[in-house]
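Enquirer: Have a look at the structure that comes next, please.
Here, each number is a calculation from the coordinates, and none is a lab measurement. For clarity, every value in this text was computed on a predicted model and none was experimentally measured. As a convention, Cβ positions derive from the backbone with ideal geometry for all residues, glycine included, and neighbour counts pool all protein chains shown.
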Ligand code: MN3
């Protein structure tokens with residue numbers, strides 16, 4: 001099954017008022033995400049994994065001792081990561097559903113403490129990568145991963161992920177990754193999507 005670039009679930013300028021510009025979306029979705037799809041398809045064409053689903057390919061090609069990971073893993077995992085990322089944001093300034101809020105309070109003490117820890121983990125990721133809210137063995141945890149590595153690699157469920165590659169924030173925030181992260185948490189997250197992932201976890 002070939003990889004396919006999904007349309008954004010909103011227009012390219014839908015998040016512009018919330019700190020993610022049309023120009024960022026044009027680069028990030030139309031160029032960067034598309035490159036992962038195109039490069040992944042080239043590598044998949046000759047691969048024994050080509051009949052598998054995207055999630056199966058990510059899990060099957062992840063190498064726990066791999067530095068670097070294979071090209072197929074990197075492109076497949078980044079394709080998966082970006083598909084989740086677009087869905088995890090929205091233009092609605094959504095509020096946090098109560099079930100999710102109470103799980104976050106139980107795990108981190110308060111919503112503010114959760115945001116603080118998520119922001120610190122994202123800011124602390126050295127180089128390119130992601131910061132995640134995951135369910136791991138029934139528990140909510142915040143993790144960070146290098147490059148394209150994601151929660152699927154560790155049998156975790158991703159509830160929320162934020163791309164901390166420079167291409168995600170350089171146009172709108174220049175080098176200010178912490179400001180990008182706090183804006184993401186305060187203005188961009190689609191909390192209904194996060195809550196839905198939690199109820200399916
Ligand atoms: Mn990216």
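Enquirer: Separation between the residue 113 and residue 49 pseudo-spin-labels, each 7 Å from Cα along Cα→Cβ, expressed in nm?
Expert: Result for the modelled spin labels: 3.8 nm.
Enquirer: Next up: Between the range 131-152 and the range 173-201, what's the alpha-carbon centroid distance in Å?
Expert: 14
Enquirer: Quick check: pseudo-label points 7 Å beyond the Cα along Cα→Cβ at residue 174 and residue 5, how many nm apart are they?
Expert: For residue 174 paired with residue 5, the spin-label model returns 3.0 nm.
Enquirer: Would you kindly state how much longer the chain becomes between residue 13 and residue 101 on full extension, computed as 0.36 nm times their sequence separation minus their alpha carbon distance, in nm to one decimal?
Expert: Value of the extension gain: 28.8 nm.
Enquirer: Give me the number: length gained by fully extending residue 141 to residue 27, i.e. 0.36 nm times residue separation minus the C-alpha to C-alpha distance, one decimal in nm.
Expert: Taking 0.36 nm per residue and subtracting the Cα distance, the gain is 38.0 nm.
Enquirer: Same structure, new question: Report the Cα-based extents of the chain along its three principal axes, largest first, to the nearest Å.
Expert: The principal-axis extents, from largest down, are 48, 39, 29 Å.
Enquirer: With the chain treated as a Gaussian network of Cα nodes joined by springs under 10 Å, which of 155, 66, 127 yields the largest mean-square fluctuation?
Expert: Fluctuation is largest for 66.
Enquirer: Using only Cα atoms, locate the centre of the range 88-121 and the centre of the range 47-68, then give the distance between them in Å, rounded to an integer.
Expert: With the range 88-121 and the range 47-68 each reduced to a Cα centre, they are spaced 31 Å.
Enquirer: Label-point separation (nm) for residue 41 and residue 199, each offset 7 Å from Cα along Cα-to-Cβ?
Expert: 3.5
Enquirer: Sticking with this structure for a sec: Considering Cα pairs under 8 angstrom that are at least six residues apart, work out the relative contact order of the chain and quote it in whole percent.
Expert: It comes to 25 percent, rounded to a whole number.
Enquirer: Turning to a different aspect of this structure: Roughly how tilted is helix 71-88, in degrees to the nearest 10 and between 0 and 90, from the longest Cα axis of the chain?
Expert: Its long axis makes an angle of about 30 degrees.
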